[in-house]
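The numbers here are math on the coordinates, done by the rules we state, and not lab data. In this text the structure is predicted, and so the values were computed from the model without any measurement. All Cβ positions, even for glycine, are placed from backbone atoms using ideal geometry, and neighbour counts span all protein chains on display.
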Amino acid sequence: MTMTPEQIAGAARALDSAERTRKQIGLLSLVYPGMDMDDAYAVQAAWAGMKREAGDGIIGWKIGLTSKAMQSALNIDIPDSGILFESMRFDDGVTIPAGHFIQPRVEAEIAFVMKSALKGPGCTIFDVLNATDFVVPSLEILDTRILRKDPETGKLRVVFDTIADNAANAGIVTGGRAMRPLDVDLRWAGAIVSRNGAVEETGLGAGVLNHPAQGIVWLVNRLAQYGDGIEAGQIVLSGSFIRPVECPPGSTITADFGPLGLVSCHFA
């Protein structure tokens, strides 16, 4: 890592303040030009520690940047991950109060609910499927506590900013019909995502590393580097198979997962 412990703690405090005040901070990659991926995950972990100390419990993980298009846009070749907290959980059909998020966007994903723990290294797709209790349709609500673009230099946010910002995660809405992972062809599990009745995006599970469970394989083996893993009962968002849909006030988002059912939310 290139950032000092003091710099990591300071960045985590800035992100925490941005989330609480709904005021974005500048790009960390500009403040710390030598910032690397280890630094970014260290900032994320420090911020997660602050949340846990405040009483927010961890309920699982999210995986992002699983599609080739998103990886190319950020000039990387691997996914990223973030942490799901209890405060991020929303019920199907929820109305989210105005001002709750800064710049919300939504992605459609398959959520895996684990019946047993998973630890790497050496985790395989068969391990993931055997450890999964059921899968369920979900919407991931993205938000950014860091500016997407620096107003002075025009520099765009990079992957290190996104990772530090808890992989841009802000909420999870689950709904539809829960199914056992071997009772549905997850490569062909897809969604039609509409905003206020107009179709915005469509996609299939194969868009996530050829199979949604492959994202979880990557996550488990990455977590093993830090002596961590996925716990029984946790939820894992396996990665989006659509582009993010912007959600200005008044947006009603509905994702039709076909045989897996519907999941929706409304932004007041």
Quiz item: Say R0 is 22 Å: what FRET efficiency, to the nearest 0.05, do D91 and A54 get from their beta-carbon distance?
Solution: 0.45
Exercise. Excluding residues fewer than 8 places away in the same chain, name every one of the lysines whose C-alpha is closer than 21 Å to that of K119.
Key: K62
Quiz prompt | Cα-projected label distance for R187 with D36, points at 7 Å along beta-carbon direction, nm | solution = 3.6
Practice problem: Grab the Cα-Cα distance for R20 and T4, subtract it from 0.36 nm times how many residues apart they are, and report the gain in nm with one decimal. | Solution: 3.3 nm
Quiz item: Between Rg and the Kirkwood Rh of segment 11-79, both from Cα atoms, what is the Rg to Rh ratio?
Solution: 1.00
Practice problem: Taking a cut-off of 14 Å between Cα atoms, list the aspartates and glutamates near K68, but don't count ones fewer than 8 places away on the same chain. | Solution: D77, D80
Exercise. Could you please rank I58, I63, placing first whichever residue has the fewest other Cβ atoms within 10 Å of its Cβ?
Key: I58, I63
Quiz item: What is the Å³ per residue value for the convex hull set by the Cα atoms of the chain?
Solution: 121
Self-check item: Order of F241, F85 under a 10 Å beta carbon neighbour criterion, fewest first
Solution: F85, F241
Quiz prompt | Cross-link partners of K23 among lysines (Cα-Cα below 16 Å; sequence separation of 8 or more within a chain) | solution = K149
Quiz item: Around P79, with a cut-off of 15 angstrom between Cβ atoms, what is the net charge of the other residues, counting Lys and Arg +1 and Asp and Glu -1?
Solution: -2
Quiz item: By count of other Cβ within 10 Å, fewest leading, how are K62, K51 ordered?
Solution: K51, K62
Self-check item: Computed [θ] at 222 nm, helices only, for the chain once each DSSP H run of length n ≥ 4 contributes -39500 (n - 2.57)
Solution: -7500 deg cm²/dmol
Self-check item: Relative contact order, percent, the chain [alpha-carbon distance under 8 Å, six or more residues apart]
Solution: 27
